[in-house]
Each structure stands twice: as structure tokens, then as C-alpha cells.
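Read the structure below first, then the notes.
The values are calculated or read from the model by the stated rules, or taken from the named source; none is laboratory data. Remember, predicted model here, so these are calculated numbers, not experimental data. Virtual Cβ from ideal backbone geometry, glycine too; neighbours counted across all protein chains shown. All accessible areas refer to the heavy atoms of the entire protein, side chains included, with ligands and DNA or RNA removed. Shrake-Rupley method; radii C 1.70, N 1.55, O 1.52, S 1.80 Å.
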Amino acid sequence: MPYFSKKQLQQGANFQLTATLSGLDITYNLFLHNTRFVPQGVKIDHMRGLSVDVLPYLKEISFDMVYIDGDHAYESALFDMLMAQKLVKPGGLICGDDLEVQAAECDLAFLEANRTLDILPVPDLKRNCHPGVSLAVHEAFGDVSAYHGFWVMRKWKPVVTNRSP
Ligand SMILES: C[S@@+](CC[C@H](N)C(=O)[O-])C[C@H]1O[C@@H](n2cnc3c(N)ncnc32)[C@H](O)[C@@H]1O
């Protein structure tokens, strides 16, 4: 799946390797291989495709947890997060990878200017960040709990009331 832009591919060998592995089905075949060894009784369903094509087919408010680890570019990452909000049950978890830096820790204009890139260093922090993921998390959820790139938040529970407005 050639999901990286030319500019991203020029950024480094990491992206070239991932794009090549996706194109050769290596990652998918490894997934099929690994999931053969789950304990009996554990059922794994999977759908293969871009999240923009697949997520709209999933049942809303039916998942305990959604883990997001796909395209890092802002538009796709935000789409995945907004869809996750629809899919997760109240009280469920939405989490993902690649949030090394939260918007509050850096200049928002820096994230916006680089939101289509995969990964780059934040000048003042001397840390790498995925600007599209940082910006999307900021817009979808604000500050979240984050641990070395892994981030998690609990979906808001709507208050049920019979009181009229
Ligand atoms: C950062 S890697 C993470 C892979 C895996 N979760 C892991 O930790 O090994 C991102 C993966 O998302 C896939 N991907 C990229 N863009 C996607 C999209 N728009 N929809 C679905 N998957 C996507 C890529 O093919 C790649 O396998």
C-alpha cells in the first residue's frame, strides 16, 4: 500500500522499508501467521484496507477499545480519531501510538506547518515528533495521558437525564 508521499519516502529508509513490506504483503502474511496461534475460543475478525474505506462499515458504539496506529499524516490521523469516537462505547478506551510530543509542549504553528510529514525533530525540545498525530490528538481530544509515545483517553460518558431544557 503506497501510503507515503514522495517527500516522506525521501525522509528516510524507515518509510521506504514499511512501504515496501506493505506492497509485498509481508506484514499481512505475518499477521495471518501470528493470529493462527491465539488460544482456542479467541475469535479474531479482520478487514484489510485503508481506514477511510473500512471504518465506516464498523458498528458504532460497539467497541471497548480502539487502538490507532496507521497513517501519521494529520488528515488521516484525525479521521481515525473521530471515527474511533463513534465506534467506542461510553467508558471505553481510545488509544494509539506515536504521540511523543503533545501540542501544549510545543509551538502549534510548527505542528500545523509540518502536519503532512511523518516524523521530524522539534527544534526546541530536541525530540522527534509525528506532527500530524500531535495535531490530530490536540484537535480531537486535547491533552491526553501519554507514555513514551503511547497515548490513551477514556471516552466521555454522556449524562442521561429526564430534565427538560
Ligand atoms: C506505524 S505502522 C504500525 C504497524 C503496526 N501497528 C506495528 O506496530 O507494527 C503503520 C501501519 O499502518 C498502515 N497504514 C498506513 N496508512 C493507513 C491507512 N490510511 N489505513 C490503514 N492502514 C494504514 C501501514 O501499512 C502500516 O502497516
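A few remarks follow.
- Of all residues making up the range 35-47, the number that are of a type outside the set (Ser, Thr, Tyr) and surrounded by 10 or more Cβ atoms within 10 Å (Cβ to Cβ): 2
- Pairing each residue of the range 21-39 that is closer than 17 Å to Gly70 by Cβ and within 11 Å of the ligand (Cβ to nearest atom) with any residue that is of a type outside the set (S, T, N, Q) and part of a helix (DSSP H, G or I), provided the two are 6+ apart or on different chains, yields C-beta distances under 7 Å for Thr27/Leu21.
- For the range 64-86, the candidate set comprises residues that are under 14 Å from Met153 (Cα atoms) and either open to solvent by less than 80 Å² (accessible area, probe 1.4 Å) or touching a residue at least 40 places away in the same chain (Cβ under 8 Å) (or both); within that set, the residue that is farthest from the ligand (Cβ to nearest atom) is Gln85.
- Matching entry among Leu135, Leu93, Leu120, Leu125 (being touching a Leu at 6+ places or on another chain (Cβ under 7 Å) and in the same structural domain as Ser51 (by TED's automatic domain parsing)): Leu135
- Restricting attention to the range 87-97, the residues that are more than 16 Å from the ligand (Cβ to nearest atom) and open to solvent by less than 10 Å² (accessible area, probe 1.4 Å) add up to 2.
- Of all residues in the range 115-135, those satisfying the criterion of being touching a residue at least 60 places away in the same chain (Cβ under 8 Å) and closer than 15 Å to Gly149 by Cβ are Asp118, Ile119, Leu120, Gly132, Val133.
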